[in-house]
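The values are calculated or read from the model by the stated rules, or taken from the named source; none is laboratory data. What you see is a predicted model, and the numbers here were worked out from it, not measured in a lab. Cβ coordinates were reconstructed from backbone atoms using ideal geometry, including for glycine residues, and neighbour counts include every protein chain displayed.
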Amino acid sequence: MSQKSTLQHLFQVPVLVAALGYLVDMYDLFLFSVVRVTSLKDLGVAPDQLLPEGVFLLNTQLAGLLIGGVFWGILGDKKGRLSILFGSIIMYSLANIANGFVTSVNQYAFLRFIAGIGLAGELGAGITLVSEVLPKEIRGYGTTVVATMGLFGAIAANFVADWFDWRISYFVGGGMGLMLLVLRLNVFESGLFEKMKSQKVQKGNVFMLFNNWQRFSKYLLSILVGIPLWFVTGILMTFSPEFGKEIGIEEPILAGKCVMLAFTGQVFGDILSGIGSQYLRSRKKIIGIFIVLSFAFMLVYLLFPSKNATVFYVICTLLGFCNGYWTIFITIAAELFGTNLRATVATSVPNFVRGTAIILTSVFVFLRPSLGIINSALVIGTTTVAIALVSLYFLEETFTKDLNYEE
């Protein structure tokens, strides 16, 4: 395939709209990490309750992502990829606008739950659509474009929150989402889905993932491979102020800055992992490399801390870079299953990975009193990496897989 034809494929409307949609998705999804402390203080939460209340709100949002991941995935396989793109963005945009009006933690939690349900549909729909409209030789580049653009949303969340009040920041995210609906009117449906509609196969039947051992094992392994991603994001970055204080850094560590730097690093990691998978002609090899690198920087973050805030921020950036296998991880999930289950899997897998943060943060809070904040994180991080590497070993290589089939 020539360079010109590759670029023409990558800059077609479905790819660009999926990329811009994920930008808005990531802005809204990670805005809470940026404004957590500021918003909770403004709502009257005591300083010693910022961590537990933050965990509660984060877990509420993640619970919404879990439910939404299944709902939107089934809808995408039954009604089409575009049904997710339109429905999910309306839900999370309106929820985030409403988030700017909350006056209590309970209201905050309810709206983060609703926003989580909406946010769950965006990425899986985008990756599924892009994977099905692009030739198999360049699928890795296409999904890298989507994830790379999306991650700029997390960076934008930090800047907007820095310039404006946290309530205005939520209004901005919701407004961007509603504006994006205009662009989506020009998106066409996946040809593979259109072809599958006329066939007599079960579409979006989530029970098919559990009534066959081969399908279930692929599904479970694809989820477990991504757990370290949300250990880094959900614990090390979100609660970076607490880690910085424990380390002894005198200058207050800003969670928003850590999130921004981590996702800046992840942008470059996604680019390199996408290009690397194309060069190595392997999804698994590049994921394995990134997981091992991530573990190395987890150890640096936890066991070799610096008293200097600048060094701490550099380490956060490097950890974010190692999270750059997020794109390839979701691409594998999409490639592992047939057209009649692809949206269900590609939408639910990343959200189940996000949802594992509920377990991780709960275990973190449970272990913290007895082991301390550093050792608790070390135990959890080591466990997640070990599980991910074992799961990756047993996963199928999907780089050259033809997606024109049904389960």
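Here are some notes:
- Search result, residues across region 151-183 that are loosely packed, with under 14 Cβ neighbours inside 10 Å and among the β-branched types (Val, Ile, Thr): Ile168, Val182
- Test result for Gly269, surrounded by fewer than 24 Cβ atoms within 10 Å (Cβ to Cβ) and without any contact (Cβ under 8 Å) to a residue 60 or more places away in the chain: no
- Just one residue in the set Ala115, Ala120 is closer than 26 Å to Gly142 by Cα, among the aliphatic types (A, V, I, L, M) and in a helix (DSSP H, G or I); that residue is Ala120.
- Unmet criterion (only one of (1) over 13 Å from Leu261 (Cα atoms); (2) of a type in the set (S, T, N, Q); (3) surrounded by fewer than 24 Cβ atoms within 10 Å (Cβ to Cβ); (4) under 19 Å from the mean Cα position of the chain (by Cα)) for Asn308: (4)
- Some residue of region 100-122 being among the small types (Gly, Ala, Ser) and closer than 30 Å to Tyr405 by Cβ: yes
- Screening the candidates Ser362, Ser348 for the property of being buried (at least 24 other Cβ atoms within 10 Å of the Cβ), touching a residue at least 24 places away in the same chain (Cβ under 8 Å) and closer than 28 Å to Ala115 by Cβ yields one hit, Ser348.
Results for (1) assigned to a helix (DSSP H, G or I); (2) out of contact with any strand residue (DSSP E or B) (no Cβ under 6 Å at 6 or more places or on another chain); (3) farther than 21 Å from Phe268 by Cα, shown as yes or no for each residue.
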| residue | (1), (2), (3) |
| --- | --- |
| Phe321 | yes, yes, no |
| Ile328 | yes, yes, no |
| Thr331 | yes, yes, no |
| Phe337 | no, yes, yes |
| Arg342 | yes, yes, yes |
| Thr347 | yes, yes, yes |
| Phe352 | yes, yes, yes |
| Ile358 | yes, yes, yes |
| Thr361 | yes, yes, yes |
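- Lone unmet requirement of (1) free of Cβ contacts under 8 Å to residues at least 40 places away in the same chain; (2) of a type in the set (D, E, K, R); (3) under 23 Å from Ile286 (Cα atoms) for Asp165: (3)
- Options Val37, Val45, Val15, Val102; residue that is modelled with pLDDT of 80 or more and touching a Gly at 6+ places or on another chain (Cβ under 7 Å): Val15
- Among the residues listed as Gly320, Gly274, the single one being touching a Ser or Thr at 6+ places or on another chain (Cβ under 6 Å), crowded, with 24+ Cβ neighbours inside 10 Å and either of a type in the set (Phe, Trp, Tyr) or within 29 Å of Val70 (Cα to Cα) (or both): Gly274
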